[in-house]
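The values are calculated or read from the model by the stated rules, or taken from the named source; none is laboratory data. Since this is a predicted model, take the numbers as computed values, not measurements. Cβ atoms come from the backbone with ideal geometry, glycine included; neighbour counts cover every protein chain shown. Areas reflect the complete protein model, heavy atoms only, side chains present, ligands, DNA and RNA absent. Shrake-Rupley method; radii C 1.70, N 1.55, O 1.52, S 1.80 Å.
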Amino acid sequence: ILIPSFALERTQDVLFHLARLEESGDVTPMPVYVDSPLADRVEDVYQACLDELSDEVRAVAAGGKDPFAPAQLRYTKTVDDSKAINASHEAAIIIAGSGMMTGGRILHHLRAHLDDTHTTVMIVGFQPAGGLGRLLVDGAAEVKIMGETIKVNARVVTIGGLSAHADRTELLN
């Protein structure tokens, strides 16, 4: 599962929900890679400021658990760590920047896995018109990534509830 994500807040939201889904037994734990140096640094800030976060996050932390840590969480530290993920054949969740797929490590993961029918791309943020993310959401049969044409055999799903963008009603209000 490839999850293009913004390093600040969205990645932590995704990790929080994955950890809760594992705890409830709704999903089976599997390796979860956060392939974003910025998200790794942001995690330290979140840990230092847990008392400033939501009641739900504070309640999990008060129970002695890291609110943002699925059972098999791994942060990549180097480019070689990132490359090693794509060399592996294990089932895994990869959360990588950038959220709008305009750059970042997610492009390497998409290039390596979009043509695989076993891959799911989970879109958790707004995708603007004309961008790679919008092309995937709209069902493109193939896309260009770093100058290479890639056939899209992966399943693409959207999780709209995690987008921080206001919808029409919220904008009017």
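Exactly one residue among Val79, Val57, Val34 is over 19 Å from Leu2 (Cβ atoms), β-branched (Val, Ile, Thr) and either out of contact with any strand residue (DSSP E or B) (no Cβ under 8 Å at 6 or more places or on another chain) or open to solvent by less than 50 Å² (accessible area, probe 1.4 Å) (or both), and that residue is Val57. Looking across Val27, Val32, Val42, one residue alone is among the aliphatic types (A, V, I, L, M) and more than 25 Å from Met100 (Cβ to Cβ). It is Val27. Which of the residues that make up the stretch 51-65 are out of contact with any Pro (no Cβ under 7 Å at 6 or more places or on another chain) and farther than 27 Å from Arg105 by Cβ? Scanning the stretch 51-65 gives Asp51, Glu52, Ser54, Asp55, Glu56, Arg58, Ala59, Ala62, Gly63, Gly64, Lys65. All told, Ala141 falls short of being out of contact with any Pro (no Cβ under 7 Å at 6 or more places or on another chain), under 26 Å from Pro31 (Cα atoms) and modelled with pLDDT of 95 or more.
The single condition among (1) open to solvent by 50 Å² or more (accessible area, probe 1.4 Å); (2) hydrophobic (A, V, I, L, M, F, W, C); (3) at pLDDT 95 or above that Ala164 does not meet is (3). Number of residues in the stretch 131-154 that are within 14 Å of Gly103 (Cβ to Cβ) and either in contact with a Phe, Trp or Tyr (Cβ under 6 Å, 6 or more places away or on another chain) or of a type in the set (S, T, N, Q) (or both) equals 0.
Residues of the stretch 99-138 that are hydroxyl-bearing (Ser, Thr, Tyr) and at pLDDT below 95: Thr102 alone. Residues of the stretch 57-80 being among the charged types (D, E, K, R) and within 21 Å of Val45 (Cβ to Cβ), which ones? Answer for the stretch 57-80, where residues must be among the charged types (D, E, K, R) and within 21 Å of Val45 (Cβ to Cβ): Arg58, Lys65, Asp66, Arg74, Lys77. Taken over the stretch 1-31, the criterion of being of a type in the set (Lys, Arg) and open to solvent by 60 Å² or more (accessible area, probe 1.4 Å) is satisfied by no residue.
If the condition is being in a loop (DSSP other than H, G, I, E, B) and under 19 Å from Ile95 (Cα atoms), then the stretch 153-173 contributes Ala154, Ile159, Ser163, Ala164.
Met122 falls short of the stated requirement of being part of a loop (DSSP other than H, G, I, E, B), buried (at least 18 other Cβ atoms within 10 Å of the Cβ) and not polar (S, T, N, Q).
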